[in-house]
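Below: the structure, in structure tokens.
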Amino acid sequence: MRREVNGVAVECVRGDITSQEDVAAVVNAANAAFWARSCDAGQEVCGMKLLYIVTKGTGDATLASIPLHLAANGSIEVGQEVSVVLAGDATELVIGDNASNLEGVGVPPMRDLLGKLKEHEVPVYV
């Protein structure tokens, strides 16, 4: 199933997301200290493909925003290829205006993060 929520295409897919051949790493809010690895001398980023998993929803705006903030203002900025999965409580972000109204502490509003993901055509899976 495919839907558009706040201008972001969201696709619901069954299966093991970690078995995708084109995903180099899976990152979630608990692994926020993940850094890009070096491949060759002088090359900071190695064409890394990252999958960010969001598991928090409207009950914790800050933790729901952290993986999206890392994706939108971290990985994308250094040229990494990014995908996002909304799982568990995070699936409520696609209901109504939840994502538009969500603002965590110390991170950009959810609407801005989703806007940047849309701008860079980042796939979001539920």
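Where a number appears in this text, it was derived from the coordinates with a stated rule and is not lab data. Note that this is a predicted model, so its numbers are computed, not measured. In this analysis, Cβ positions are derived from the backbone assuming ideal geometry, glycine residues included, and neighbour counts consider all displayed protein chains.
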Through the Karplus equation 6.51 cos²θ - 1.76 cosθ + 1.60, θ set to phi - 60°, convert the phi angles of the stretch 77-85 into ³J(HN,Hα) values in whole Hz; use x for Gly and Pro. 4, 9, x, 7, 8, 10, 10, 10, 10
List the residues whose amide H sits under 5 Å from the amide H of Ile53, counting only those 5 or more places along or on another chain, with H placed 1.01 Å from N in the peptide plane. Val27, Asn28, Ala29, Val85
Determine the gain in length on full extension of the stretch Ile95-Thr58; use 0.36 nm per residue of separation and subtract their C-alpha separation, reporting nm with one decimal. 12.3 nm
With R₀ set to 35 angstrom, the calculated FRET efficiency between the beta-carbons of Lys49 and Asp112, to the nearest 0.05, is 0.90
Cα→Cβ-extended label distance, 7 Å offset, between Glu121 and Ala87, nm: 2.7
Give the order of Arg111, Arg2 when sorted by the count of other beta carbons within 10 angstrom, beginning with the fewest. Arg2, Arg111
